[in-house]
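A short worksheet on the structure shown next.
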Amino acid sequence: MLVNAHTHLDQCWAAKFRPKTPVPFHNWLLRQTRRDQNMLQSETGEKRIQAGIEEGIAELLAAGTTHVGDVTRTGLSVQPLVDSGLSGVIYLDILGLEPNVGDFLLQRATHILDGFRDQAANGRPGSNLQIGLSLNALYNTSFKTVEKIVAFCETEAVPLCVHAAESDQENEALIDGTGLLFDLPGHLGSDLRPEVTEIGVIPTLEKLGVLDLKPLLLHMNYATKDDLDIVKNTGAVIVHCPRASHILKNRPALLRHMLKKEIPVALGTESLALVETLDVRDEAEFAKELHAGMVFAGAIDNMLTGA
C-alpha cells in the first residue's frame, strides 16, 4: 500500500507555472487563484483541466500509489479517479465568504454525491473510493457555511478535510483581523473579509465542531504544541506536505511533536502547481532530510503506508 494523502489533481494543468524558487504563500495563492478563475472562464479550460487530471492520475499509478486523498474544486477528478482503480477519498472543496457561494458548492456536492452513490448501487466496478467534503480554509469560508459543512458530513456520514494552519497569516487573520490573508479577498474584488474569532485556527475549528468529525488536517505548519494537545484526542489525522511548505516559505510542521503525542500523520504531495512530482516517496525523502536528527527515518517511511 502506498498512500498519497493530499493532492489537487485539478491543478495539474498549472505545472508550467510551478515556482522554481521559494515564494511567499500569499503571493502564490493570489496568482494561482486568478489563474484558476481565468482557466475556468476560458472556452478550453475544462478540457485542459481534465487533461491535467488524467496526466496526474497516470503519474500516481506509475509511482505505485494505491490510495489517494484528492481535493477538487471543480469536481472534474471524480469520474477519472473512479475509473482509475485507485482507493481513497475524493474531497469536494467548499469555500466562499459569500454564503450563496458556499450554498451553491454544497448543492453541487450533494448532486455529485448522489450520482456517485447511484453508480455504486448499480454495480460500479472495482472502486474503493469515498466522496467527502473539503472545508478549504477558515480565512476564505463564512462560518455559516462551515456549520453547514459540519452538518452535511454528520448527516451524510462522509469524511471531511480542512486546510489548517498552513500559513502563519491564518492566525493573524482570525485573531487580529489583519494581515495578508485577511486582505486577500479585497485583492480578488470582494468587499468581504474573514471572520475574526480572537482565537487561533485550531481552537476555532474545535469551537465550530469541525474536530468532532475526525477530519484530515492538511499542512498544519503553524500548529503550536498547545494546538497539538487539542488535536491529539480528537482522532484527526494530519497530512504533512514538506515540499509544498518549503516552496511557499512556510515553516516546517512540528513533526517530532506530532509523533510524540501519537497523532497519526500521513504524507501528501500537494499539487503539480507547486511540486515536481506526485510520487509520495519523493515527499518522504524530502521529509527525512528536513527532519534529520529529530525524527527517525523509519517513522517517516511508515507514513507512506498509513502504518
Here the Cα Rg-to-2.2 N^0.38 Å ratio for the range 1-141 is 1.07
Scan (1) 30.6, 102; (2) 18.1, 52; (3) 19.3, 68 for the value of Rg and Dmax of the Cα atoms in Å calculated from this model and give just the label.
(2)
From Cα pairs below 8 angstrom and at least 6 apart in sequence, can you work out the relative contact order of the chain, rounded to a whole percent?
23 percent
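Of the listed peptides 190-199, 23-32, what is their order by residue-averaged count of other C-beta atoms within 10 Å, with the highest listed first? Mind dumping the intermediate values first?
On the way: 190-199: 14.4, 23-32: 17.0.
Going from most to least packed, we get 23-32, 190-199.
For the pairs K144/K288; K16/K260; K214/K260; K16/K207; K148/K288, flag any whose C-alpha to C-alpha distance is greater than 31 Å. Walk me through the numbers before you get to the answer.
Values: K144/K288 40 Å; K16/K260 39 Å; K214/K260 19 Å; K16/K207 40 Å; K148/K288 39 Å.
As for pairs spanning more than 31 Å Cα to Cα, those are K144/K288; K16/K260; K16/K207; K148/K288.
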Could you give the nm distance between label points at D229 and L40, where each point is 7 Å from its Cα heading toward the beta carbon?
4.0 nm
Simple Cβ-charge dipole of the chain, Lys/Arg +1 and Asp/Glu -1, about Cα centre, in debye nearest 20
440 debye
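The numbers here are math on the coordinates, done by the rules we state, and not lab data. All values reported here derive from a predicted model rather than from experimental measurement. Neighbour counts run over all protein chains shown; Cβ positions are idealised from the backbone, glycine included.
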